[in-house]
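As structure tokens, the structure follows; a few thoughts come after it.
Quick note: the coordinates plus some simple rules give every number you see, no bench work behind them. Predicted, not measured: the structure shown is a model, and the values here were computed from it. All Cβ positions, glycine included, derive from the backbone under ideal geometry; neighbour counts span all protein chains shown.
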Amino acid sequence: MLKRGFKAQSERRSVEIRKKFGLQPDAPLSARKVAAAYDILVWTEADIAGVSGDDLVQLTVTDPDSWSAFTMRVGEKHLIVVNSSQSEPRQNSVIMHELSHILLGHELTSAGLTADGHFVPTSYNQDQEDEADWLAGTLLLPRPALLRIRRTGMTDHQAMNNFQVSSQMLTWRIRMTGVDYQLSNARKRRARG
């Protein structure tokens with residue numbers, strides 16, 4: 001469960017970050033640009049030295065849905081490695097999720113190796129995952145953007161292209177913020193006079 005005030009704090013942070021880029025509160029925000037501004041590296045699996053061709057095929061062709069992204073530290077820098085086989089909207093979302101962990105000061109999850117050679121997390125914090133999910137969604141689709149999408153009659157497809165988000169992310173943010181309900185009630189009040 002999110003701490004009291006976290007959702008409002010996320011909306012404020014979204015506006016602050018957009019201001020750094022000279023953007024309006026309802027403007028699209030690229031996760032890769034945010035990463036660059038915070039001096040966070042973003043690589044794909046192909047950028048990692050020593051990964052064999054067979055391993056790349058395993059990660060991106062044979063079993064591409066087994067992972068989306070992970071973050072690690074390299075010296076003093078954070079490095080986000082993202083699955084290049086996933087769609088651009090999905091990559092934008094998972095990079096923003098990983099950035100959210102960093103911006104929130106979360107501890108990196110440690111990983112261990114199983115007997116059959118698979119990496120698995122050895123620690124997991126659901127509260128931190130929930131916070132990163134919420135902040136990432138807010139950074140990608142803040143409330144002002146959702147209101148603009150609905151008020152201007154932008155189709156879901158247009159909104160997805162404009163904000164580089166998936167259908168699932170758009171639907172989740174609209175549902176979780178209650179934007180449609182808010183606008184419907186406002187229309188009803190205006191109609192009553």
Counted neighbours (other Cβ, 10 Å), sorted fewest up, put D133, D65, D127, D26 in the order D65, D127, D133, D26
Please work out the FRET efficiency for the pair T114 and E76, using the Cβ-Cβ distance as r and a Förster radius of 30 Å; give the result to the nearest 0.05.
-> 0.50
Compactness summary of the chain: radius of gyration and Dmax from Cα atoms, Å, are 18.6, 69
In nanometres, what is the gap between the two model label sites at M154 and V15, each 7 Å from Cα along Cα-to-Cβ?
-> 1.9
Quick one: divide the alpha-carbon radius of gyration of region 50-110 by 2.2 N^0.38 Å and tell me what you get.
-> 1.20
For D180 and S87 in the same chain, what is the full-extension length gain: residue separation times 0.36 nm, less their Cα-Cα distance, in nm?
-> 30.8 nm
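Looking at the chain, which longest stretch skips every one of the trypsin sites (Lys or Arg not before Pro) that is in a DSSP loop with at most 10 other Cβ atoms within 10 Å, leaving the sites themselves out?
Within the chain, the longest run free of exposed trypsin sites (Lys or Arg not before Pro) spans 5-193.
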Assigned charges on the beta-carbon of Lys, Arg, Asp, Glu; the chain dipole about Cα centre (debye) = 2040
